[in-house]
Structure formats: structure tokens, C-alpha cells
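First comes the structure, then the notes that go with it.
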Amino acid sequence: MYEHWTVFETWLEAHWPEGRNGLNPPATEQEIGALEHALGISLPEDYKACLRIHNGQDTYSGGLFENAEFLSTHAVREQWEIWQSLLSDGQFEGIQSSPEDGIKADWWNTKWIPFTHNGGGDHYCLDLDPAPGGQHGQIITMWHDMDEREKLSSSFAHWFQSYVSDVIAGKYVYSDEYGGLTPIDEL
């Protein structure tokens, strides 16, 4: 994880210094433990390794991951609690998503842990409750207003490594218009 962050930070420094400067310091073991306790889960080790390097990013520093904020442990909990509140209030009763294989057809699942947020209610999530054929810790999309649920990667480490490789390969650029790293084919 450290090696990929080093490569990513070097790229950010050269191409989007504000993005590099917006990264938070490492999460403490207490912050990680408090998040796990609040959510009632154990986070995957690869994700915890990432948090031990950077505990997300400053909320106002732009979208680090495809125009979405990289959430701190505090922000993960806030976003998760919003969805939990909606679930508890019965907002998703009788509503299912249209997931790819390996993802449950829930609209929201207590064991989907958001680690990005685009400011509009959409997330990339760690899926800690996959359907048969899925993998614990896989990365999925969770859109607030669309029923598609897509599997992006089998693990956080694989997703992060692929994302950094794509950034280095020029598939993403910083866009003032979008306020973050944007796929080049969307510009």
C-alpha cells in the first residue's frame, strides 16, 4: 500500500499539488478501532493499511477518486449513519437494486462501508456482506438514485493499485470544472 501511495503522491505533487496537500495525516489505531466499533464490523486489513497512511482527505480539497472525496474515518461513519437512518426509517422497504453477480440486491446494506462520496449521495463501498460468488471486501458502487450496483474490484488493495496505475497512465486528469481527478474520456 505504501509503495502505491508514494507513486500516487509523486504524481499528485507534479499534476495537482492541491490534491496532495489535501490529504489527511494517518489515522490512529484509536480512530480505526472507533470506526470498527461504531459500525459493528472488522475492516479489511488492506483498507486499514491505507488509512494508516492517509485518513482520507480534507473535505474541501476536491475529488481524489474519480471526482469523489476520499473519506476520513469520521466521514465514513457520518455517511454510513445517514444510510443506516434511512434504512431504519423504512425508506428502502420493498426496494431492491439490480446488482452484478456477487452483490446482494439490497438498496442499502449495513455492511456496505462507504469510503468515497461525490457530494450527491453516491459512494464506492467496501462490501463486507457479498452475495454468493462475491468476495468479502470487494469494492462496489452504491448510487443513491440508480439501482445499478457494480463490482469494481475484488479488494481495496487491488482497486487502489489499479486506480493509481490508471492515473499514472494518463487515464485521469485534474479538472477544475469537475473539481477533482476526472476520467479523460469524460472531458
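Some observations on this one:
- Contact map, segment 36-47: residues that are over 20 Å from GLN84 (Cα atoms) paired with residues that are modelled with pLDDT under 95 and assigned to a loop (DSSP other than H, G, I, E, B), Cβ distance under 7 Å, separation 6+ or inter-chain. Pairs shown: ASP46/MET1.
- Restricting TRP16, TRP11 to those that are touching a strand residue (DSSP E or B) at 6+ places or on another chain (Cβ under 9 Å), surrounded by 14 or more Cβ atoms within 10 Å (Cβ to Cβ) and either among the hydroxyl-bearing types (Ser, Thr, Tyr) or at pLDDT 95 or above (or both) reduces the list to TRP16.
- For segment 61-74, the set of residues classified as surrounded by fewer than 21 Cβ atoms within 10 Å (Cβ to Cβ) and either modelled with pLDDT of 95 or more or farther than 15 Å from TYR174 by Cα (or both) consists of HIS74 only.
- Here SER162 meets each of (1) within 12 Å of the chain's Cα centre (by Cα); (2) assigned to a helix (DSSP H, G or I) with one exception, condition (1).
- Qualifying residue in segment 163-180 (condition: in contact with a helix residue (DSSP H, G or I) (Cβ under 9 Å, 6 or more places away or on another chain), within 20 Å of CYS50 (Cβ to Cβ), without any contact (Cβ under 8 Å) to a residue 24 or more places away in the chain and not hydroxyl-bearing (Ser, Thr, Tyr)): no
Condition check ((1) outside any loop (DSSP other than H, G, I, E, B); (2) in contact with a Leu (Cβ under 7 Å, 6 or more places away or on another chain); (3) farther than 20 Å from SER155 by Cα; (4) hydroxyl-bearing (Ser, Thr, Tyr)) across all residues:
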site: LEU12; (1), (2), (3), (4): yes, no, yes, no
site: GLU31; (1), (2), (3), (4): yes, no, yes, no
site: ILE41; (1), (2), (3), (4): no, yes, no, no
site: VAL76; (1), (2), (3), (4): yes, yes, no, no
site: GLY94; (1), (2), (3), (4): no, no, yes, no
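- Among the residues here, GLU100 does not qualify as over 16 Å from the mean Cα position of the chain (by Cα), over 17 Å from SER155 (Cβ atoms) and surrounded by fewer than 18 Cβ atoms within 10 Å (Cβ to Cβ).
- Some residue of segment 49-58 being assigned to a helix (DSSP H, G or I) and surrounded by fewer than 18 Cβ atoms within 10 Å (Cβ to Cβ): yes
- Failed criterion for TYR60 (all others in (1) closer than 25 Å to GLU177 by Cβ; (2) in contact (Cβ under 8 Å) with a residue 24 or more places away in the chain; (3) under 15 Å from the mean Cα position of the chain (by Cα) hold): (3)
- Taking residues in segment 91-115 that are acidic (Asp, Glu), and partners anywhere that are at pLDDT below 95 and surrounded by 13 or more Cβ atoms within 10 Å (Cβ to Cβ), not one pair has Cβ atoms closer than 6 Å while being at least 6 places apart or on different chains.
- Filtered residues of segment 131-165 (kept if surrounded by fewer than 16 Cβ atoms within 10 Å (Cβ to Cβ), farther than 25 Å from ARG20 by Cα and in contact with a Ser or Thr (Cβ under 7 Å, 6 or more places away or on another chain)): GLN135, ASP147, GLU148, GLU150
The values are calculated or read from the model by the stated rules, or taken from the named source; none is laboratory data. In this text, all values refer to a predicted model and were calculated from it rather than measured experimentally. Reconstructed Cβ throughout: ideal geometry from the backbone, glycine too, with neighbour counts over all protein chains shown.
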